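Next up is a structure, given as structure tokens.
We did not get these values from a lab; they are worked out from the coordinates using the rules stated. Everything numeric in this text was worked out from a predicted model, so none of it was measured.
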Amino acid sequence: MISKNRKGLASKVFANREKAGNAEKYDITSYDEFGNIKYIEVKATTGDLNKKFRISENEVEFANNHKENYYLYRVYNLSMKNKTYNLEIIKGEINREKLEPTNYSLQIREV
């Protein structure tokens, strides 16, 4: 935003965990150069772009309900040692056909 001469918008960008911990359904609240809100989810792996990563049902639901303003920042080939990475930005909804269930919920006793 600063490079687009929108310092006022840049000052509004924040990481949600700073305000709500991990309760939010996306990581960063940002804005485009026109002042439209952007919901950014960041997913990072040390592997290549096709390496699987975890995404919650809440995150998927939020993405699909806010597809016009939702962005998945896919950070891959991340090397903390070399301080390098690649980035792919994907706008819009999450394709549910590509999701694979990985967690289960269990209740030992009925309440």
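Give me, ordered by chain and number, the residues 5 or more places off Tyr31 or on other chains with an amide H under 5 Å from its own placed amide H.
Answer set, sorted by chain and number: Lys38.
Among the listed pairs Lys51/Lys81; Lys25/Lys81; Lys25/Lys51; Lys25/Lys98; Lys12/Lys83; Lys52/Lys91, which have their C-alpha atoms separated by more than 25 angstrom in this model?
With Cα atoms farther than 25 Å apart: Lys25/Lys81; Lys12/Lys83.
Using 0.36 nm per residue of separation minus the Cα-Cα distance, give me the extension gain between Tyr85 and Arg109 in nm, one decimal.
Gain on stretching Tyr85 to Arg109: 4.0 nm.
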